[in-house]
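So the structure is just underneath, and the comments pick up after that.
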Amino acid sequence: MAGEHIIDLNHVSKSFGDKKILDDINLYVRKGEFVTLLGPSGCGKTTTLRLIAGFLAPDEGEILLDGRDISGIPPHKRPFNTVFQRYALFPHLDVYDNIAFGLKLQKVPSDEIDKRVRKVLKMVSMTDYEERDVNSLSGGQQQRVAIARALVNQPKILLLDEPLAALDLKMRKDMQIELKEMHRELGITFIYVTHDQEEALTLSDTIVVMNEGKIQQIGTPTDIYNEPVNSFVADFIGESNILNGTMIRDRRVSFIGHEFECVDEGFGENVPVDVVVRPEDIYFTKKPERAQFTATVNSCTFKGVHYEMYVDTDTGNELMIQDYDAYPVGSTVMLYIDPDDIQVMVKERTCNTIEGKMVDETHVELLGGEFECLPQPGLTGGEEIVAEIAFDKVDLLDHQEDGVLAGEVHFLLYKGDHYHLTILTEDGDHLWVDTDDIWDKGDLVGIDLAKEDIKIRRKHEA
Amino acid sequence: MKKFLAQTYIWILMVLLYAPLAFIAVFSFTESKVLGNWTGFSTKLYENLFTGRMQGSASLISAVENTLLIALVSAFVSMVLGTVAAIGIHNLSGRKKRALTFVNNIPMINPDVITGVSLFLLFIFLHFSQGYLSVILSHISFGTPYVVLSVLPKLRQMNPNIYEAALDLGATPGQALRKVLVPQLRPGMVSGFILAFTMSLDDFAVTFFTRGTIGLETLSTYIYADARKGGLTPELRPLMTLIFLIILVLLLVINIRQARMQKEKENL
């Protein structure tokens, strides 16, 4: 699908108040492509779409259409049409007039309008609904009218903002197939926003995974699923086991206390990494010579096509496995993983690295709070320093007021034998924590650090 | 027994509310100059009213004309200003929105006399000559909040993407306003207009203080002056009866239309 770019976003940033919604977004869309912006709510995907549509202007960066900057062009002059999340049909107009709205504004002759409205109604299987009041239509029918209203103007790009979110599951599946067919027939570029990873995998040529205003990964659905670049993508797309590991050397990785063959190279020797194994890629075997490790089945749930099992490995890690066969709870099983199915990712960080300032020889200011530290000979008050705190050395307290800092559990990841939490502090800084305790997203926590766990060095000491 | 008491209560209430109106209506059909004296059935007062054969009929007619003109102009301007203000307030957020809504409510609760006196002082202070214009401006100032109040709920009910959808389909901001926003807000605008219109019609205090000395009379100031001049002109009785009937018919029409629209919606 090589082709010229129709849309380019270069270094686009956008803030609302002090909150940075988009941070240096770089993205291109090829002519005729079906691109999906995928991410959890609040990741900036809808903002990106609204920037392209022209309802918002970027604070920084440029948006190019066919290589030309369109920042100064208002939305009504851009050759794009949008299908809105809640349809946004005009309630005072009937189906025909809703669809003809754009054409009438362009002063298209009325017999031509008639022809085009009928054609597009046929395309969305809504023939004979011309005279109907839009309020009397079902959600699915309203969505069809909204799509027809956008397509009748023959836009260069169709922008879709979670168009199927308000429909029930069955309807959503049907509409997905129809959208895909429309895209194929029309050859128009589609830019689609969704938080539903399955929808993204089904529909897209290219998926752009976003989180917290940044693009995490751009790739085809198979790339994104099989080779996620970081633990966020791995966790967000599909089910996965995300584990801490060590790259021993090229093609050799250790995790859950065992060594495995893999296909990844170039990480270096003895480097800490994140390892992703999809639950359907862990296989049961009866032959001891094939088995790489053993485990005890902990739970087994029937999921329709497959069984979902949680097992405890001989080294005390928990793994999720999906298989067509069920294994009884409590039984010991032998397991192996193919080298191809082990996805190794660079660890984004191995400990918290925080810039701060010495208050005096035994106190340090970090993230807006003052912590006691071991005496730091040679460092005086006011000196800028860098502190390192290991993930498992951050104490989380049940009550915000008990900690030196207050924070909120922002994101959590199960790593087989512990949780890896992202904590958002009051000032909007991030702190990463490894813990065996169970927290939920959104929990309010107090944060404390023991003085012996804060490793301090001068900021400019490389 | 309980039901009987409830019914009686309602009827006593109705009588108390409508007795004065009925009284005027009944006595509009007799010729007596003094209200309350029945001198036999006659439609002479109605004849006098329509043929102008009454004392000071020219000034009464001009007072009616002034009242209608002032009410129409001020209600229309209030409708436009109030709608624009409502759209602005709707698009504000948080504290600013609450503050402005609050500020909008004050003029409605404020006693008319105070509004009237303060407007009077303002016009004096600004050396603004008082007459038609000052009365109309004053009526706009107390009519606009009612329009804001009746348009805001319509904005809240509206799909927030509708305006953007119109822009997206190629409408300029002006076209989007005319072809999409206004049709959505029209019911609110109309009820705001009617409210502002009726508030203007029966205003006495504000008009009294802001009409200046050019001899401008509206119906309410005319009746006030007339009553002080030694009894109500008898022809005012048929006039008031007619105004009441017109309002009654208008209300009925509006209610029946609403009921019918409701029914149509339910049938879909």
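The values are calculated or read from the model by the stated rules, or taken from the named source; none is laboratory data. This is a predicted model, so every value here is computed, not measured. Glycine gets a Cβ as well: all are built from the backbone with ideal geometry, and neighbour counts include every protein chain shown.
Give me the residue from segment B:155-165 that is within 34 Å of the chain's Cα centre (by Cα) and assigned to a helix (DSSP H, G or I) and, out of that set, nearest to the other protein chains (Cβ to nearest Cβ).
We begin by selecting, within segment B:155-165, every residue within 34 Å of the chain's Cα centre (by Cα); these are B:155-163.
When the remaining residues are screened for being assigned to a helix (DSSP H, G or I), the result is B:155-157, B:162-163.
Details: B:Leu155: 14, B:Arg156: 14, B:Gln157: 10, B:Ile162: 5, B:Tyr163: 9 Å.
The qualifying residue nearest to the other protein chains (Cβ to nearest Cβ) is B:Ile162.
Per-residue answers, yes or no, for (1) out of contact with any strand residue (DSSP E or B) (no Cβ under 6 Å at 6 or more places or on another chain); (2) of a type outside the set (A, V, I, L, M); (3) in a helix (DSSP H, G or I); (4) buried (at least 17 other Cβ atoms within 10 Å of the Cβ):
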{"residue": "A:Lys115", "(1), (2), (3), (4)": "yes, yes, yes, no"}
{"residue": "A:Arg118", "(1), (2), (3), (4)": "yes, yes, yes, no"}
{"residue": "A:Met126", "(1), (2), (3), (4)": "yes, no, no, yes"}
{"residue": "A:Val145", "(1), (2), (3), (4)": "yes, no, yes, yes"}
{"residue": "A:Pro163", "(1), (2), (3), (4)": "no, yes, no, yes"}
{"residue": "A:Leu167", "(1), (2), (3), (4)": "yes, no, no, yes"}
{"residue": "A:Lys180", "(1), (2), (3), (4)": "yes, yes, yes, no"}
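The condition (being within 13 Å of chain A (Cβ to nearest Cβ), crowded, with 19+ Cβ neighbours inside 10 Å and more than 30 Å from B:Met240 (Cα to Cα)) is satisfied by just one residue among B:Leu177, B:Leu152, B:Leu169: B:Leu169. From the list B:Val103, B:Val80, B:Val64, the one residue that fits, being closer than 27 Å to B:Glu164 by Cα and either of a type outside the set (S, T, N, Q) or touching a Phe, Trp or Tyr at 6+ places or on another chain (Cβ under 7 Å) (or both), is B:Val80.
Selection of strands (runs of 3 or more DSSP E) fully inside segment A:1-88 by the criterion of at least 2 residues being polar (S, T, N, Q) and within 22 Å of the chain's Cα centre (by Cα) returns A:5-16.
Identify the single condition in (1) in the same structural domain as A:Leu424 (by TED's automatic domain parsing); (2) surrounded by 14 or more Cβ atoms within 10 Å (Cβ to Cβ); (3) over 23 Å from A:Leu243 (Cβ atoms) that A:Gly382 does not satisfy, given that it satisfies every other one. Result: A:Gly382 passes all but (2).
Taken as a whole, the structure leaves B:Thr39 outside the set of residues that are more than 30 Å from the chain's Cα centre (by Cα), among the polar types (S, T, N, Q) and assigned to a helix (DSSP H, G or I). Criterion first (of a type in the set (A, V, I, L, M) and surrounded by fewer than 16 Cβ atoms within 10 Å (Cβ to Cβ)) does A:Ala450 satisfy it? It is true that A:Ala450 is of a type in the set (A, V, I, L, M) and surrounded by fewer than 16 Cβ atoms within 10 Å (Cβ to Cβ). Every condition in (1) closer than 18 Å to B:Ile243 by Cβ; (2) touching a Ser or Thr at 6+ places or on another chain (Cβ under 9 Å); (3) without any contact (Cβ under 8 Å) to a residue 60 or more places away in the chain is met by B:Ser28 except one, and the failing one is (3). Beta carbons closer than 7 Å, at least 6 apart along the sequence or on distinct chains, pair a first residue in segment A:311-330 that is not assigned by TED's automatic domain parsing to the domain that holds A:Asp417 and exposed (fewer than 14 other Cβ atoms within 10 Å of the Cβ) with a second that is assigned to a loop (DSSP other than H, G, I, E, B) and of a type outside the set (Gly, Ala, Ser) for A:Gly316/A:Asp417; A:Tyr324/A:His306. Would you confirm whether any residue within segment B:175-196 is more than 30 Å from A:Lys77 (Cα to Cα), modelled with pLDDT under 90 and not in a helix (DSSP H, G or I)? No, every residue in segment B:175-196 fails to be more than 30 Å from A:Lys77 (Cα to Cα), modelled with pLDDT under 90 and not in a helix (DSSP H, G or I). The listed residues are A:Lys20, A:Lys45, and the only one of them that is surrounded by fewer than 21 Cβ atoms within 10 Å (Cβ to Cβ) and either assigned by TED's automatic domain parsing to the domain that holds A:Thr202 or in contact (Cβ under 8 Å) with a residue 60 or more places away in the chain (or both) turns out to be A:Lys20. State yes or no: is A:Lys170 over 14 Å from the mean Cα position of the chain (by Cα) and at pLDDT 90 or above? Spelling it out, it is not the case that A:Lys170 is over 14 Å from the mean Cα position of the chain (by Cα) and at pLDDT 90 or above.
Looking only at residues of segment A:89-102 that are part of a helix (DSSP H, G or I) and among the aromatic types (Phe, Trp, Tyr), we find that the one that is nearest to the other protein chains (Cβ to nearest Cβ) is A:Phe101. Within the bounds of segment A:42-54, is there any residue that is within 13 Å of another protein chain (Cβ to nearest Cβ), hydroxyl-bearing (Ser, Thr, Tyr) and closer than 21 Å to A:Leu160 by Cβ? There is at least one residue in segment A:42-54 that is within 13 Å of another protein chain (Cβ to nearest Cβ), hydroxyl-bearing (Ser, Thr, Tyr) and closer than 21 Å to A:Leu160 by Cβ.
Hey, any hits in segment A:358-365 for a residue that's under 25 Å from A:Gly213 (Cβ atoms), in the same structural domain as A:Lys441 (by TED's automatic domain parsing) and crowded, with 16+ Cβ neighbours inside 10 Å? No, segment A:358-365 contains no residue that is under 25 Å from A:Gly213 (Cβ atoms), in the same structural domain as A:Lys441 (by TED's automatic domain parsing) and crowded, with 16+ Cβ neighbours inside 10 Å.
Just one residue in the set A:Leu151, A:Leu160, A:Leu105 is at the interface with chain B (Cβ under 10 Å from one of its Cβ atoms), under 30 Å from A:Ile70 (Cβ atoms), of a type in the set (A, V, I, L, M) and out of contact with any Asp or Glu (no Cβ under 8 Å at 6 or more places or on another chain); that residue is A:Leu105.
Among residues of segment A:75-87 that are more than 8 Å from chain B (Cβ to nearest Cβ), those with a Cβ under 6 angstrom from a residue that is assigned to a loop (DSSP other than H, G, I, E, B), sequence gap 6+ or separate chain, pair up as A:Arg78/A:Gly54; A:Pro79/A:Pro155; A:Pro79/A:Lys156; A:Val83/A:Pro163. Within segment B:182-196, being away from chain A (no Cβ under 13 Å) and out of contact with any Ser or Thr (no Cβ under 8 Å at 6 or more places or on another chain) holds for B:Val190, B:Ile194.
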